[in-house]
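The values are calculated or read from the model by the stated rules, or taken from the named source; none is laboratory data. Not measured: the values here are computed from a predicted model. Heads up, the Cβs are rebuilt from the backbone with ideal geometry, glycines too, and the neighbour counts pull from every protein chain shown. Areas reflect the complete protein model, heavy atoms only, side chains present, ligands, DNA and RNA absent. Shrake-Rupley method; radii C 1.70, N 1.55, O 1.52, S 1.80 Å.
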Amino acid sequence: MKKIIKLRVNGEDYEILVEPYWTLLKVLRDVLGFTGPKEGCGIGECGACTVYIDDKPVKSCLVLGVEVNGANITTIEGLSQNKKISGIQKAFIDEGAVQCGFCTPGMVMAINALYTNVSDPGEDDIKEALKGHLCRCTGYETIVKAAKRAKEYYKR
Amino acid sequence: MEYKFIGKEFKRVDALSKLTGRARFLADIILPHMYYGIFLRASIAHGEILDIETEDAKNVEGVKAIVLGRDFPHNYGHLIKDRPIFAFDKVRYYGEAIGGVIAKTEEAARVAADKVKVSYKPLPIITHPKESLNNKEVIIREVSPTPDMVYRPVKGTNIFHYDVVKRGDVEKGFEEADIIVESEFNIAPINHVQIEPHGAIALWDEDGSLTVWSSTQAPFTVRYFLSDIFELPLNKVRVIAYYVGGGFGGKSDVGIEPMVALLAKSVPGHPVKVILSREEVFHGSFLRGNFWGRVKTGVKKDGKIVSEKVEFAMGGGGSGEFGGTVVDGAFKSAVGPYEIENVHAVGYGVYTNLPPTGAFRGYGHPETHWMIERQRDIIARKLGIDPVVLRKKNILKPGSINIIGQKIEEHNGNLEKCLDLVVEELDWPNNIGHIDKKNKKAYGKGFALLQKSPVMPTNAASSAILKLNDDGTVNLTVGTQEIGQGIDTALTQIAAEALGISPEKIKLVPYRDTDLYPYEWQTVASRGVWSVGNAIIMAADEVKHKMRKVAKEIFSVDEEDIVVEDGLVFPQGEKEKAITYKDLAIGYTLPEGSGIGGPIVGAGYFIPEGLVYPDPETGQGNSAAEWTFGAQGVEIEVDLITGKVKILKAVTAIDAGTIINPENARGQVVGAMAMALSIAQREAIVISKEGKIRNDSLTDYKISTIRDVPSEYKVFFVETEEETGPFGARSLAEHGMVAMAPALANALYNALGVEFFKLPITFEDIALAIDEKKIV
């Protein structure tokens with residue numbers, strides 16, 4: 001039985017009809033067209049689908065759409081505002097931390113969330129924040145560098 | 001040489017779209033009136049299909065069609081034609097697709113798929129290549145050689161292909177040797193684990209034309225196979241590809257596209273979409289096959305290798321079509337980057353009851369180097385000489401002849417310098433290994449050498465089109481794919497250099513479409529920069545030639561007196577009269593108003609000229625282009641209680657010719673090192689007695705996380721300019737994979753005094769070895 005839910009996504013309000021078994025990831029991607037969050041495994045192993053529910057990073061493949069009725073969601077598409085990209089996005093470009101780009105949205109969301117909680121994260125904080133995020137291209141070197149580099153942008 | 005844009009910092013052209021979620025991948029595509037497909041997969045690893053019961057499934061609401069292998073019993077391929085679209089006579093591995101369900105929703109398709117009942121007559125299974133090589137009772141696939149077959153199957157066996165190298169006389173060489181060293185090696189099967197699962201969408205139009213959207217490294221090869229299978233002219237098959245979320249070879253062979261196209265054929269007018277689940281990526285795509293090999297080496301006391309015999313078998317899975325060429329790649333590097341007078345190498349591709357083997361970053365080279373670079377250290381130890389000295393006595397240098405009979409030239413690169421850089425970084429031979437009993441730790445250093453050339457057909461071609469826009473900017477289209485390696489960025493720089501305008505003025509049009517973009521064989525073998533780069537230079541020459549032709553009219557001088565330089569066009573010695581590309585882009589308007597010339601487009605192509613098929617009996621012949629040489633090393637710390645290995649430093653020195661984009665090149669080498677160490681330390685497909693893959697999830701099949709990778713990476717580029725490469729560049733994207741595993745095992749010996757002969761070398765293996773040797 002489909003249900004009507006309300007979601008605020010990246011500042012816009014939506015009222016949509018969803019199956020109770022649809023994940024938030026499916027709702028965002030297939031119903032609302034926010035394809036920035038990626039599905040790498042569908043069971044919370046890879047981190048590519050990370051979004052914020054009320055500012056908290058969550059793997060959206062592990063949450064049902066109906067569970068978050070009324071929630072405020074931010075996806076990677078909502079991270080750049082007024083055509084300005086966030087500090088971690090800038091730092092990813094600076095450090096050459098993008099390769100295939102499939103894990104990138106999840107990595108970016110996780111690091112940006114880290115900076116909202118910790119102003120001066122150390123290497124261990126970064127690794128802790130990214131331990132549930134898999135990348136097969138980079139060997140993580142440039143991602144860690146970007147996470148550190150982002151500090152200069154968040155300070156301002 | 002000095003370049004304006006080559007070797008300079010230039011940020012990835014695809015970075016911003018990938019960072020903002022705008023970049024498009026296959027799964028992001030939703031088309032009107034689209035249906036969803038789910039594959040039916042075999043529940044046993046080997047057996048005849050007796051009956052398939054679909055009535056209950058058909059009655060599920062929303063189901064549109066059920067397609068079975070027996071509806072279209074067809075084996076496709078180009079080299080041996082042994083790959084069914086869906087299995088129809090028997091299944092040869094657990095999870096092999098035997099058909100599919102199409103429904104209005106994914107859920108309906110899944111519910112229906114669960115209701116399909118299949119009965120089998122089970123057959124005995126074989127999963128190890130050595131066992132398959134010697135087994136004549138359990139024949140997984142009967143193949144008889146035919147004249148049009150490129151592979152060489154052996155009738156009555158599981159061998160679907162083999163290669164031979166013969167130089168000199170190995171037996172005579174062994175007689176002359178002072179010592180003989182024999183070793184046997186094994187490697188477990190592994191999966192690519194691209195974070196993006198495989199997927200495709202297919203749509204048949206009422207006019208019989210087929211469009212396929214796919215996450216593929218090889219849109220033109222997909223088009224070729226679809227046209228061949230469905231008997232369509234190539235211009236009735238269109239393949240569209242967006243960014244590939246990781247390929248590593250696993251999206252270059254054609255697997256999912258014919259399956260989805262066959263499903264969609266039953267519902268013309270409706271696109272059918274299939275995205276593999278993560279489990280299906282493990283048992284329903286491609287693997288790097290398991291590997292067994294034996295090496296016998298004859299050496300003089302001074303370290304000169306006089307004779308080497310290599311025998312290996314690669315598990316090919318249930319179909320050999322895409323695996324046999326991996327053997328073709330491996331055999332050319334069967335003894336690594338060494339000059340040896342007497343060599344006999346035989347490599348076999350054998351059927352096994354596992355998913356088919358396909359391309360995997362390194363293409364047979366990590367496998368042969370695993371054996372050879374372990375063997376070199378073992379030999380050095382037996383002779384009591386430094387492994388650096390042993391290698392230097394035998395490595396390929398300018399003037400050396402490699403095992404396929406090619407003479408190494410100066411421009412092929414400087415392997416010795418790579419070796420020197422790595423051992424210097426490791427501070428070799430100081431402190432190469434010791435045990436710290438007090439702190440329950442051991443430390444070791446190890447290194448290994450590598451070589452690789454692109455494994456490709458002798459005629460693997462590329463092309464490129466440069467189109468000038470009215471404002472002097474340029475659109476570049478190519479058929480090679482952006483799979484994360486940064487090809488779009490490197491090619492933009494090459495076009496900029498060739499045209500003499502800044503890379504910001506050039507747009508390499510993202511995504512690929514076989515109807516609109518020029519031909520490319522495949523995006524594999526690290527050959528994109530080299531092959532497509534050359535095509536771009538030719539296209540730029542055509543652009544410049546066309547501009548000269550118009551400019552000679554404008555300036556009333558001979559064509560050869562027109563200079564095209566830095567975006568300006570002018571008569572020799574009269575730069576003040578210069579006009580710009582913008583003035584000529586769509587035709588020039590003379591002062592009186594009449595137009596000359598026209599819109600300028602330049603097309604270029606490249607084919608590796610002069611390559612020939614290897615001699616079938618000896619493997620000799622100019623069958624490999626642009627070798628890249630390198631050296632790799634590691635420094636490790638071993639926890640003597642848990643066996644856990646920490647990589648303190650991972651080093652690569654590679655002579656990849658001119659480096660087009662240093663940041664992205666380093667990214668490729670570092671990424672490859674990390675991937676190779678992940679594979680060497682923790683990756684193995686675990687197979688049950690029944691032939692089922694037991695670890696088909698990212699929880700059970702572990703790849704390195706951010707906490708498991710080396711603490712420090714060092715990369716050195718030696719830049720000996722490649723004569724055949726664009727601005728002196730050659731291949732580098734796979735090479736960081738090739739010698740890391742033997743470097744790690746060599747370091748483990750130096751740390752613990754234990755010889756490892758199989759991959760992976762897990763922490764458990766190490767802890768058991770420590771226990772057995774009573775090290776603690």
Could you list, in sequence order, all residues of the stretch B:627-658 that are part of a loop (DSSP other than H, G, I, E, B), surrounded by fewer than 24 Cβ atoms within 10 Å (Cβ to Cβ) and in contact with a Lys or Arg (Cβ under 9 Å, 6 or more places away or on another chain)? B:640, B:641, B:658
Looking only at the stretch A:106-121, and only at residues there that are under 14 Å from residue A:47 (Cα atoms) and β-branched (Val, Ile, Thr), the one that is farthest from the other protein chains (Cβ to nearest Cβ): A:111
Taking the condition open to solvent by less than 30 Å² (accessible area, probe 1.4 Å), not in a loop (DSSP other than H, G, I, E, B) and not hydrophobic (A, V, I, L, M, F, W, C), does residue B:99 pass? yes
Assuming residue B:551 fulfils every condition listed in (1) part of a helix (DSSP H, G or I); (2) touching a helix residue (DSSP H, G or I) at 6+ places or on another chain (Cβ under 6 Å) apart from one, which condition is it? (2)
Residue hits (the stretch A:76-93; more than 8 Å from every other protein chain (Cβ to nearest Cβ), open to solvent by 40 Å² or more (accessible area, probe 1.4 Å) and on the phi < 0 side of the Ramachandran plot) are A:81, A:84, A:90
Tell me which of these residue A:144 doesn't satisfy, since it passes every other one: (1) of a type in the set (A, V, I, L, M, F, W, C); (2) in contact with a Cys (Cβ under 9 Å, 6 or more places away or on another chain); (3) at the interface with chain B (Cβ under 8 Å from one of its Cβ atoms); (4) farther than 21 Å from residue B:25 by Cα. (2)
Of all residues making up the stretch A:98-121, the number that are in a loop (DSSP other than H, G, I, E, B) and either within 16 Å of the chain's Cα centre (by Cα) or hydroxyl-bearing (Ser, Thr, Tyr) (or both): 5
Residue within the stretch A:36-52 that is away from chain B (no Cβ under 13 Å) and of a type outside the set (A, V, I, L, M, F, W, C) present: yes
Here the residues within the stretch A:27-39 that are surrounded by 21 or more Cβ atoms within 10 Å (Cβ to Cβ) and either out of contact with any Cys (no Cβ under 8 Å at 6 or more places or on another chain) or at pLDDT below 95 (or both) are A:27, A:28, A:29, A:34, A:35, A:36
Of (1) away from chain B (no Cβ under 12 Å); (2) open to solvent by 10 Å² or more (accessible area, probe 1.4 Å); (3) of a type in the set (S, T, N, Q), residue A:60 fails just (2)
Would you be able to say whether some residue in the stretch B:687-694 is away from chain A (no Cβ under 11 Å), among the polar types (S, T, N, Q) and open to solvent by 10 Å² or more (accessible area, probe 1.4 Å)? yes
Among the candidates B:469, B:412, single out the residue that is surrounded by fewer than 19 Cβ atoms within 10 Å (Cβ to Cβ) and over 26 Å from residue B:178 (Cα atoms). B:469
Hey, could you check the stretch A:22-74 for residues that are of a type in the set (Gly, Ala, Ser) and under 10 Å from the mean Cα position of the chain (by Cα) and say which is nearest to residue A:131 (Cα to Cα)? A:47
Any residue in the stretch B:262-285 that is more than 14 Å from chain A (Cβ to nearest Cβ), open to solvent by 10 Å² or more (accessible area, probe 1.4 Å), modelled with pLDDT of 95 or more and in a strand (DSSP E or B)? no
Filter the stretch B:695-718 down to the residues that are in contact with a strand residue (DSSP E or B) (Cβ under 6 Å, 6 or more places away or on another chain), part of a loop (DSSP other than H, G, I, E, B) and either more than 9 Å from chain A (Cβ to nearest Cβ) or open to solvent by 50 Å² or more (accessible area, probe 1.4 Å) (or both) and list them by number. B:711, B:712
Restricting to the stretch A:122-136, name every residue that is open to solvent by 30 Å² or more (accessible area, probe 1.4 Å), assigned to a helix (DSSP H, G or I) and facing chain B (nearest Cβ under 7 Å). A:127
Please enumerate the residues belonging to the stretch A:112-135 that are touching a residue at least 12 places away in the same chain (Cβ under 8 Å) and closer than 30 Å to residue B:192 by Cβ. A:112, A:113, A:114, A:123, A:126, A:127, A:129, A:130, A:132, A:133, A:134, A:135
Across (1) within 14 Å of chain A (Cβ to nearest Cβ); (2) under 25 Å from residue B:38 (Cβ atoms), residue B:248 clears everything bar (2)
First in the stretch B:584-598 and farther than 12 Å from residue B:546 by Cβ, second anywhere and of a type in the set (Ser, Thr, Tyr) and open to solvent by less than 50 Å² (accessible area, probe 1.4 Å), Cβ under 8 Å, 6 or more apart: B:595/B:588
When you check residue A:139 against the structure, is it in a loop (DSSP other than H, G, I, E, B), over 16 Å from the mean Cα position of the chain (by Cα), at positive phi and away from chain B (no Cβ under 13 Å), yes or no? no
Considering only the stretch A:75-83, I want to know if a residue exists there that is of a type outside the set (Val, Ile, Thr) and part of a strand (DSSP E or B). yes
Here are B:200, B:113: which of them is at pLDDT 95 or above, part of a helix (DSSP H, G or I) and among the hydrophobic types (A, V, I, L, M, F, W, C)? B:113
State whether one or more residues within the stretch B:666-684 are open to solvent by 10 Å² or more (accessible area, probe 1.4 Å), in contact with a Gly (Cβ under 8 Å, 6 or more places away or on another chain), at pLDDT 95 or above and not in a helix (DSSP H, G or I). no
Taking the stretch B:4-34 and keeping residues within 12 Å of another protein chain (Cβ to nearest Cβ), on the phi > 0 side of the Ramachandran plot and surrounded by fewer than 22 Cβ atoms within 10 Å (Cβ to Cβ) leaves none
If I filter the stretch B:190-204 down to residues being in contact with a Pro (Cβ under 7 Å, 6 or more places away or on another chain) and open to solvent by 10 Å² or more (accessible area, probe 1.4 Å), which single residue comes out as nearest to the other protein chains (Cβ to nearest Cβ)? B:203
Report yes if residue A:18 is touching a residue at least 40 places away in the same chain (Cβ under 8 Å), touching a helix residue (DSSP H, G or I) at 6+ places or on another chain (Cβ under 6 Å) and farther than 30 Å from residue B:665 by Cβ, otherwise no. yes
Matching residues, the stretch B:727-776, being assigned to a loop (DSSP other than H, G, I, E, B), within 29 Å of residue B:487 (Cβ to Cβ) and of a type in the set (A, V, I, L, M): B:732, B:733, B:738, B:739
